[in-house]
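What follows is a set of notes on a single structure, which appears directly below.
The values are calculated or read from the model by the stated rules, or taken from the named source; none is laboratory data. Because the structure is predicted, anything quoted here is derived from the model rather than measured. Counting neighbours? That spans all protein chains shown, and the Cβs are built from the backbone with ideal geometry, glycine included. Accessible surface is based on the protein model in full, side chains and every heavy atom, while ligands, DNA and RNA are left aside. Shrake-Rupley method; radii C 1.70, N 1.55, O 1.52, S 1.80 Å.
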Amino acid sequence: MSLLTLFLTISMWLGHVGQPAELPTKSNQIQALIQVAQCKNFWVSVHAIEFLAKLGFKKEAEKLALTQLKPFEKTPEKRIGYWRAQFLASKESAQRNFWLTKIKNTYLTSSETDRIHAAESLAKLGVSFKNLNQKVVGQDLNSDGMIYSFTRWGYSLGNHPRELPDYTALLKEISNKNPKNRTLAAYSFGFLSPKMNIATWKSLANSALKEDPNSEAYAYLIGGAYVHYKQFKHHADDLFQEIRKCLLRFEYSSKKSEKIELCKALATSNSVEDQMIIERIQLSSRPIKLDSTTSQDPTEADYLDIKAAAAYAWLRMNAKKIK
C-alpha cells in the first residue's frame, strides 16, 4: 500500500469540513444494512436482508423480511424475493424446506407468471435442477430466453453439495452470441462453488479479459474470475494480476454492477489495502439519510444497493477481528 493511498484514505475519514467522520465499526455497518433494508425499493431491500442473513444476523434478517417484504407475499415476482429472504434467514431445516418448497412449486407450475424469478432463486440458492421434475427442466433447456439461462445454470449444479458444478457448460454460454445469455452465465459464477481446476479458471479469466468492458457481462466475469482464483489459490499469478487490475478499476466506475462486484470480490480479503478500498467506496458518497430510504428514485436505489454491498464486504473482512 502506497503512502499516497494511506494519506487519501485518512483524509477522507477526516471529512470535508475538518471534523472527524464516524469510523467504521461492526455496529454502524450492521445499522447501514438495516437502514438499506428499510428502503422503498423492494429488491434493494431484499439484497440488504440477504446480506444480513449471510453474515449470520438471521434474527435481524427475519424480522426485516416480515416487516418489509411480507406485504408482497401475494404479489407475483416479489413473493419470490420474500420467500428467498426467509429461506436464508431461517435457522431450522424445516423452515428452510418450507420456503424452498414454495419456490420450487412456482417454478414447476407452468401457469405461474413468475417462473423465471423462481428459477433464478433456485439456482442462486444452489438447488440442482437435476433433482427437479425432468420433464419441466427438459422443456426449459430446449427453450430460450431467461428461463433457459436460469435452468441451464441450475442444471449445471451437482446433485449434492459436494459434487462440483459443471463449469464447462456455463463457460460455453459465455461465448454465446446473445448478450443476455452471456450476462446471465457470467452472473452465475459469483454463486458457484469456487473449486474449479487451473485449466477451467484460466478459461474463465481469459474470457473475462476478452469481454467488451462496456458489456453487462464484463463486471460479472471479472468478479467471478477474481473470487474463484482467491478462494482456490491457483498458480497463474500474471493472469490473476490482470484480473485484479481490471477489478480495482471498478472503484471509480459509475456502474452499480461494477461497484457491487468489487465489494463482493474483496469481501473475503484480509488485506488492509482492500479494506481501505471498501471504506473509500463507503465514503465516496453521502451518509444514508431518511430521504434516501424513502425515495423511489432509481439513482437513489442504486446508491443504497452499493452501500449495502460495501457494508457487507466490510463486515466479512473484519469478521475474524471483531468476534
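Things to note:
- Every condition in (1) touching an Asp or Glu at 6+ places or on another chain (Cβ under 9 Å); (2) modelled with pLDDT under 95 is met by P161 except one, and the failing one is (1).
- Condition met for K58 (in contact with a helix residue (DSSP H, G or I) (Cβ under 6 Å, 6 or more places away or on another chain), of a type in the set (K, R) and either free of Cβ contacts under 8 Å to residues at least 24 places away in the same chain or open to solvent by less than 80 Å² (accessible area, probe 1.4 Å) (or both)): yes
- Scanning the stretch 190-220 for residues that are open to solvent by less than 20 Å² (accessible area, probe 1.4 Å) and in contact with a Ser or Thr (Cβ under 6 Å, 6 or more places away or on another chain) returns A217, A219.
- Residue selected from the stretch 172-189 under the condition of a type in the set (D, E, K, R) and over 24 Å from V136 (Cβ atoms), by the criterion least open to solvent (accessible area, probe 1.4 Å): R182
- Residues being hydroxyl-bearing (S, T, Y), more than 18 Å from D302 (Cα to Cα) and assigned to a helix (DSSP H, G or I) - total across the stretch 22-75: 2
- The numbered conditions (1) farther than 23 Å from L283 by Cα; (2) among the basic types (K, R); (3) modelled with pLDDT under 95 are all true for K26 except (1).
- Considering only residues in the stretch 262-279 that are outside any helix (DSSP H, G or I) and under 18 Å from the mean Cα position of the chain (by Cα), the one that is modelled with the lowest pLDDT turns out to be T268.
- Any hit, the stretch 5-19, residues being surrounded by 16 or more Cβ atoms within 10 Å (Cβ to Cβ) and modelled with pLDDT of 95 or more: no
- Restricting E77, E50 to residues that are within 19 Å of the chain's Cα centre (by Cα) and either touching a residue at least 60 places away in the same chain (Cβ under 8 Å) or at positive phi (or both) narrows the list to E77.
- Scanning the stretch 218-231 finds one or more residues that are modelled with pLDDT under 90 and over 14 Å from the mean Cα position of the chain (by Cα).
- Condition met for Q282 (among the polar types (S, T, N, Q), in a helix (DSSP H, G or I) and either modelled with pLDDT of 65 or more or under 20 Å from S257 (Cα atoms) (or both)): yes
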